[in-house]
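The values are calculated or read from the model by the stated rules, or taken from the named source; none is laboratory data. Since the structure is predicted, the reported quantities are computational estimates derived from the model, not experimental observations. Every residue, glycine as well, gets a Cβ built from its backbone with ideal geometry; the counts of neighbours run over all protein chains shown.
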Amino acid sequence: MRDSGVAMVGETASNRRAPNGVAAPPPQEGAAEQADKEVMCVPRLRPSPNAEHVPERYDEVEQLEYPAAMYSIMEQYLPSNLLKAPREKKIEILERICAKYRPNGDRTRRHRVYRERIRLTYKPLHEELSALNPEQFFVQSFRNAIDDGSAEAFRKIMKYQSSGLFAFDMFEPRFCSLIMDEVEHFENWAQEAKFKVMRPNTMNNYGAVLDDIGMEEMLDQLMREYITPMSSVLFPNVGGASLDSHHGFVVEYSMDRDLELGFHVDDSEVTLNVCLGKDFGGGQLFFRGVRCEMHVNGEARSDEVLDYSHVPGRAILHAGRHRHGAKEITSGQRTNLILWCRSSEFRELTKYQRDFSSWCGECLTWKKERRRKLSNVKPQPASAV
Ligand SMILES: [Zn+2]
């Protein structure tokens with residue numbers, strides 16, 4: 001899958017940003033670097049096989065990416081705590097490890113085949129989701145603000161606003177239901193057809209990529225016509241005015257699915273995260289300040305420690321490099337639509353930069369410190385000879 005990276009915060013910072021993926025607080029990802037990021041979230045294999053362990057057989061598993069025998073052999077190299085893990089889990093881990101060694105061209109090809117198979121065999125439940133219909137999708141207050149386009153109009157619709165976080169009502173309840181129904185329909189179809197679903201990123205075990213099930217054009221239009229006007233004003237320093245590609249997906253949390261999401265940064269310049277529903281307890285997002293890749297593991301200042309509680313239909317917009325995670329859900333089910341918006345121009349321009357003080361909290365601190373030191377160096381009076 002082209003866009004599956006998330007950079008975990010707390011991992012090595014040696015992974016470079018890539019133009020395409022999700023990452024956990026270290027940063028973001030792209031095609032070449034994507035595979036590396038994916039591997040960041042998986043355990044290391046043992047240097048030698050566990051000879052006493054009798055590996056499972058994988059012959060009858062459908063849609064394996066590699067020959068079944070390879071899984072049995074590699075299983076003996078898994079850390080001991082994973083030897084008794086469910087077979088599906090072992091397959092997932094082993095495939096992630098192997099992804100590191102697969103050429104990007106192969107990944108792209110695989111994804112193209114995957115999408116084509118869905119296009120030819122999956123019949124969407126709600127065809128209407130393939131075309132953007134502002135009146136049906138968005139609440140009036142949001143449409144009015146976009147039509148106006150001014151900073152003042154955006155300020156007026158904010159329900160929550162704090163250092164780089166902006167939350168506002170966006171989706172009509174019916175649209176939220178349509179998306180959730182469609183994803184459930186897709187999951188049921190995949191289960192019946194024994195079709196292996198590619199998950200949205202390396203950190204979510206449930207959910208679906210909306211771009212894969214017929215919504216790519218609709219979401220692209222949503223980004224260009226409804227997010228860019230806002231992000232141009234709210235996120236001018238991180239490429240918010242030049243968004244040109246996206247990765248759109250749905251994530252699902254419940255007691256029997258994913259419970260939480262670890263601390264990470266997205267593979268995006270700007271992320272739109274909209275809660276679709278339904279009833280749930282817990283699951284707040286926690287934010288810990290915006291950081292460049294070099295500073296992704298640094299401490300957060302007290303004023304950067306922010307929690308945000310989801311409200312169905314309400315969107316939160318933040319920089320992709322705003323470090324965050326999701327707390328454990330305590331009841332019910334929470335489904336969110338996430339749109340990672342990317343700017344190739346911004347990525348190209350920042351490739352060789354070292355100072356990101358216009359948006360990285362720590363770069364800014366260092367810059368201020370340097371200025372302070374310089375201003376403390378008093379010029380020496382010229383002495384008479
Ligand atoms: Zn920095």
State which residue pairs qualify: first residue surrounded by 16 or more Cβ atoms within 10 Å (Cβ to Cβ) and inside segment 169-197, second residue assigned to a helix (DSSP H, G or I) and of a type in the set (Val, Ile, Thr) in any location, beta carbons under 6 Å apart, and separation of 6 or more residues or different chains.
Phe186/Ile213
Scan segment 351-368 and report the pairs whose first residue is over 18 Å from Glu269 (Cβ atoms) and within 8 Å of the ligand (Cβ to nearest atom) and whose second residue is of a type in the set (Lys, Arg) and assigned to a loop (DSSP other than H, G, I, E, B), with Cβ atoms within less than 9 Å and a gap of 6+ or a chain change.
Glu362/Arg291
Could you look through segment 65-85, keep only residues that are in a helix (DSSP H, G or I) and of a type in the set (Ser, Thr, Tyr), and pick out the one that is modelled with the lowest pLDDT?
Ser80
Pairs with Cβ under 9 Å, 6+ apart, first in segment 260-282 and not assigned by TED's automatic domain parsing to the domain that holds Leu178, second surrounded by 17 or more Cβ atoms within 10 Å (Cβ to Cβ) and β-branched (Val, Ile, Thr)
none
Exactly one of these conditions fails for Asn204: (1) at pLDDT 95 or above; (2) in contact with a strand residue (DSSP E or B) (Cβ under 8 Å, 6 or more places away or on another chain); (3) assigned to a loop (DSSP other than H, G, I, E, B). Give me its number.
(1)
I'm told Val290 meets every condition in (1) within 28 Å of Glu362 (Cβ to Cβ); (2) modelled with pLDDT under 95 except one. Can you identify the failing condition by its number?
(2)
Note on segment 277-294: residues away from the ligand (no atom under 16 Å from the Cβ) and part of a strand (DSSP E or B) are Gly277, Phe280, Gly281, Gly282, Leu285, Phe286, Phe287
Is segment 149-159 home to any residue that is more than 30 Å from Arg57 (Cα to Cα) and assigned to a strand (DSSP E or B)?
yes
For Gly240, indicate whether it is more than 17 Å from Phe175 (Cβ to Cβ) and small (Gly, Ala, Ser).
yes
Could you check how many residues of segment 262-284 are surrounded by 22 or more Cβ atoms within 10 Å (Cβ to Cβ) and either of a type in the set (A, V, I, L, M) or in contact with a Pro (Cβ under 7 Å, 6 or more places away or on another chain) (or both)?
7
Going through segment 122-168 in order, the residues found to be crowded, with 19+ Cβ neighbours inside 10 Å and not hydrophobic (A, V, I, L, M, F, W, C) are Gly164
